[in-house]
Amino acid sequence: MKIKLHTQIVIALILGAVFGSIFHIDQNKLSINANSGETIVQDWSSIAFTKKDSVLKTYESKDQLSIIKYFSSLRIKKAAEDIVIKIKYPSGQEQIIEKVKEVSKVKTIGVLLKPIGDIFIRLLTMIAVPLVLASLIAGAASLSDLKHIAKIGGKTIGFYALTAVIAISIGLFFANVIQPGKFMPEESKQRLMETFQEDAQSRIDQNVSMNIVDFLVNIVPKNPFKAIADGDFLQIVFFAILTGIFLSQIKTEKSKTVIDFFEGLGNAMIMLVEKIMYIAPYAVFTLISATVAEFGFSILQTLLLYSVTVIAGLAVLTFVEYPILLKIFTKVPVYKFFKLQRQVIAVAFSTSSSAATLPVTMDICEKKLGVPNRIASFVLPLGTTVNMDGTALYQAVAAMFIAQVYGFDLNLTQQLTIVLTAALAAVGTAPVPGVGLIMLIIVLKSVGVPEEGIALIIGVDRILDMCRTVPNVIADSLACVVIASSEGELRELSNE
Ligand code: ASP
């Protein structure tokens, strides 16, 4: 019996999680690389970093992550030369390692297979830019006139704005009810701040700011080819829509070849996706296994209440808000809609990237959900770039959490500011892993919460990124179905 691809992917996801937890990275082992070679140390009672006989720092605990981060912070400060590590064991024995070059976790087979997953993500990402460009140009050109484009564009943006505001409100509701930041012990706060200080700083140094005027100005590319090379989705979308519109305005004999060219390019990309999906089960397996194997469960425990708040919000968004909207605006059965989204969900979850998932979303929307190409190719690339409900919700909860840990009580006006800035920050978030966290800095700045606070949540960002990317992409399919149905253009669903 042949198992269907989406079932294979779901099985791979589960097996990957099991494999990763069996071959998880040992929290009590460290690999220390020095001039003399690699030494694996485990079950130490203390580890001291010394330089020219003065002790820089001593760790009495098994805090593997803090030890690794401390050494990398020395490296960043260019103070890692001639470091000597002194390890004491419970038996009283001492070990000295000189001229240390690197301190890292001891990798297991759980993470060693990850390159297969990385190739999969790169293949999908490779397709995303040409697909957005080609399909948007062809899509905009096929919408018969300017009025039609404005109507569909208006509906799309309106729908995205509506879902984002509801998503953020759900996030704020959960953050106010659960108050995850109020229960964080001072000691955990200090430890997280110390461990992730450098990571937080490198994000703060990217100096993101959200000035609405600048934001709008920056949507217009100075050079569309640079936008394509840099993968700047908003600029590509802008250029592609304009090109498509004016292709539809010039004489057919001049425009037809160009439109055919982009249509052909788009079709080839979609076909490529279908082929790439054959390796999806293996890729998903290695990606999930690597995340589970590498993930520090101790951090998850420290940030349990915060993670639960985010995940509860995302669950309500996905399984309550979206079905309600689907019911209000379309006749598509909720169960069927979600069933047909399985591949999209699995790819979004394991890659944490809406851009990498876009080719799959497009394929499913057109082939399974019955959305005509001219709507899917317009609504989806736009949605992938600007519509990030999951990210917006996460940013609202994260801002509230950090404020609570710092002891700030955000009043109603400040929370309304969060609604506005999180909606904009999510629009500005690039559809790739981890950017939601960087754009969170804008939300924090807007309500005066210290931006260094992101150090508190970096440790669990990867797993929450996987979770928030799922509603980010489901919302795009939902918008596609809603708009196609409002235009009376939704075809029969696939009866898979
Ligand atoms: N990973 C998210 C996405 O691609 C963006 C983010 O929230 O970091 O949709």
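The values are calculated or read from the model by the stated rules, or taken from the named source; none is laboratory data. Here the structure is a predicted model, which means the values were calculated and not measured. Neighbour counts are summed over all protein chains in view; Cβ atoms, including those assigned to glycine, are modelled from backbone coordinates with ideal geometry. Keep in mind that these areas ignore ligands, DNA and RNA; they rest on the heavy atoms of the full protein, side chains included. Shrake-Rupley method; radii C 1.70, N 1.55, O 1.52, S 1.80 Å.
I'd like to check something: does the range 123-142 contain any residue that is among the aliphatic types (A, V, I, L, M), under 24 Å from residue 360 (Cβ atoms) and touching an Asp or Glu at 6+ places or on another chain (Cβ under 7 Å)?
Yes: the range 123-142 contains one or more residues that are among the aliphatic types (A, V, I, L, M), under 24 Å from residue 360 (Cβ atoms) and touching an Asp or Glu at 6+ places or on another chain (Cβ under 7 Å).
Name the helices (runs of 4 or more DSSP H) wholly within the range 51-166 that hold at least 3 residues that are modelled with pLDDT of 85 or more and open to solvent by 50 Å² or more (accessible area, probe 1.4 Å)? Don't jump to the end; show me each part of the working.
Working: elements: 64-76, 109-112, 114-142.
Answer list for the range 51-166: 114-142.
Residue 420 versus (1) farther than 21 Å from residue 124 by Cβ; (2) at pLDDT below 90; (3) open to solvent by 40 Å² or more (accessible area, probe 1.4 Å): which is the lone unmet condition?
(2)
Checking the condition touching a residue at least 12 places away in the same chain (Cβ under 8 Å), farther than 30 Å from residue 420 by Cα and in contact with a Ser or Thr (Cβ under 8 Å, 6 or more places away or on another chain), which residue from 279, 259 passes?
Values: 279 fails: in contact with a Ser or Thr (Cβ under 8 Å, 6 or more places away or on another chain).
From the options 279, 259, the qualifying one is 259.
Test residue 359 against the criterion of being modelled with pLDDT under 90 and more than 24 Å from residue 170 (Cβ to Cβ), and give yes or no. Can you show your working first?
Working: modelled with pLDDT under 90: no; more than 24 Å from residue 170 (Cβ to Cβ): yes.
No, not satisfied.
Mind checking which pairs have a first residue in the range 37-55 that is under 13 Å from residue 86 (Cβ atoms) and a second that is hydroxyl-bearing (Ser, Thr, Tyr) and surrounded by 11 or more Cβ atoms within 10 Å (Cβ to Cβ), Cβ under 7 Å, 6 or more apart or different chains?
44/89; 45/89; 46/58; 46/59; 47/59; 48/58; 49/70
Checking residue 209 against (1) small (Gly, Ala, Ser); (2) at pLDDT 90 or above; (3) not in a helix (DSSP H, G or I), which test does it fail?
The failed condition is (2).
Among the residues of the range 448-472, what is the count of those that are in contact (Cβ under 8 Å) with a residue 40 or more places away in the chain and either charged (D, E, K, R) or open to solvent by less than 10 Å² (accessible area, probe 1.4 Å) (or both)?
17
Just to verify a result, which residue in the range 212-228, among those that are assigned to a helix (DSSP H, G or I) and charged (D, E, K, R), is surrounded by the most Cβ atoms within 10 Å (Cβ to Cβ)? Let's see the steps before the verdict.
Initial filter on the range 212-228 (assigned to a helix (DSSP H, G or I)): 212-219, 224-228.
Now drop any that are not charged (D, E, K, R), which leaves 214, 226.
Details: 214: 9, 226: 11.
Per the stated criteria, the residue is 226.
Which fully enclosed helices (runs of 4 or more DSSP H) of the range 407-496 have 3 or more residues being under 18 Å from residue 351 (Cβ atoms)? Lay out the reasoning, then the answer.
On the way: elements: 412-428, 435-446, 461-486.
Correct list: 435-446, 461-486.
Can you give me the number of residues within the range 243-269 that are among the charged types (D, E, K, R) and under 15 Å from residue 374 (Cα atoms)?
Taking the range 243-269 and keeping what is among the charged types (D, E, K, R), we get 251, 253-254, 256, 260, 263.
Right, trim to under 15 Å from residue 374 (Cα atoms) and you get 260, 263.
Here the count works out to 2.
Filtering the range 431-447 down to residues that are open to solvent by less than 40 Å² (accessible area, probe 1.4 Å), among the hydrophobic types (A, V, I, L, M, F, W, C) and within 17 Å of residue 386 (Cα to Cα), which residue is nearest to the ligand (Cβ to nearest atom)?
The first filter runs over the range 431-447 and keeps only residues open to solvent by less than 40 Å² (accessible area, probe 1.4 Å), leaving 431, 434-444, 447.
Going one step further and asking which of them are among the hydrophobic types (A, V, I, L, M, F, W, C), we end up with 435, 437-444, 447.
Right, trim to within 17 Å of residue 386 (Cα to Cα) and you get 435, 437-440, 442-443.
Numbers: 435: 4, 437: 6, 438: 8, 439: 8, 440: 9, 442: 13, 443: 12 Å.
Once the filter is applied, the top-ranked residue is 435.
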